[in-house]
Amino acid sequence: MEKKQWYMEYKIHKNRPGLLGDLASLLGMLEVNIITINGVEDRTRGLLLQTDDDEKIELLGKMLSKVENISLITLRPPRLTDILAIRHGTYIERDSSDGKTFRFTRDELGLLVDFLGELFKKEGNQTIGLRGMPRVGKTESIIAGSVCANKRWAFVSSTLLRQTVRSQLSEEEMNPNNVFIIDGIVSTIRSNEKHYGLLQDIMAMPSTKVIEHPDIFVRESEFDYDLFDCIIELRNTPEEEITYENFTTAGLDDGF
């Protein structure tokens, strides 16, 4: 049977000496390998496990349910957010209402870049929205995520250095394996007919597209929110409101 990975997370009620050793011994007797282990948030520990026998995982869950010092929270095939939680020791905040909106603050840029890098490694078509106020690090995070995924990026529209509105891309830039970066304000409010034609071609490609300011993009184009596989929100602080009231055509050159 093929080896599979599992994510296990448990809450510690009494962190007595030798607790982790006892768990490691139990896993060892079951011949379940520990790939990664880390503390996740307060008094919670996550493990990435590997085994070729699903029944051992089922048995492990039953046995741990009888241990008084810990409470088993999760035992399932790992999601991307689980792997990153173990890697960074913190959870990615996720909107419970829609399930596809993820929230980060500027002091979590390392986690965001890692998250984007893992998303960019996926093959095929996907569209990612990125919300955030000016100069919070949106475009820089996309570029860093592309580097982590070992992929090239191509600006379709941007205000990173100066306002960029492309009307054509080279053959090399049009490679579907690239990450295409689109500023939703520039491409819809400040674009021309040639640029919009290029945008239509890119949106139809089986590739990764990252659209900054997705709300403006949807408002000013024929696309809707169903287009997006996930939406990321990046704030300076958790309380910061992302608002578009001051996003005027006159202010686009200020680094939106």
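The values are calculated or read from the model by the stated rules, or taken from the named source; none is laboratory data. Treat the numbers as computed from the prediction; the structure is a model and nothing was measured. Here the Cβ positions follow ideal geometry from the backbone for every residue, glycine too, while neighbour counts run over all protein chains shown. We work out accessible area using only protein heavy atoms, side chains counted, and drop any ligands, DNA or RNA first. Shrake-Rupley method; radii C 1.70, N 1.55, O 1.52, S 1.80 Å.
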Residue under evaluation G110, criteria (1) surrounded by 19 or more Cβ atoms within 10 Å (Cβ to Cβ); (2) touching a His at 6+ places or on another chain (Cβ under 8 Å), criterion not met: (1)
Members of region 163-176 found to be out of contact with any Phe, Trp or Tyr (no Cβ under 9 Å at 6 or more places or on another chain), under 20 Å from L130 (Cβ atoms) and either in contact (Cβ under 8 Å) with a residue 60 or more places away in the chain or of a type in the set (S, T, N, Q) (or both), listed by number: Q163
Residue, farthest from R235 (Cα to Cα), within region 117-162, restricted to residues that are aliphatic (A, V, I, L, M) and in contact (Cβ under 8 Å) with a residue 60 or more places away in the chain: L119
Filtered residue count, region 165-195, keeping only those that are closer than 16 Å to F217 by Cβ and not basic (K, R): 13
Within region 7-100, strands (runs of 3 or more DSSP E) holding 3 or more residues that are open to solvent by 30 Å² or more (accessible area, probe 1.4 Å): 33-39, 70-76
Helices (runs of 4 or more DSSP H) (entirely within region 117-215) containing at least 1 residues that are of a type outside the set (F, W, Y) and in contact with a Pro (Cβ under 6 Å, 6 or more places away or on another chain): 184-189
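Quick grid of which residues meet (1) of a type in the set (V, I, T); (2) more than 19 Å from G124 (Cα to Cα); (3) modelled with pLDDT of 95 or more:
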{"site": "G145", "(1), (2), (3)": "no, no, yes"}
{"site": "S167", "(1), (2), (3)": "no, yes, no"}
{"site": "S170", "(1), (2), (3)": "no, yes, no"}
{"site": "I185", "(1), (2), (3)": "yes, yes, no"}
{"site": "H195", "(1), (2), (3)": "no, yes, no"}
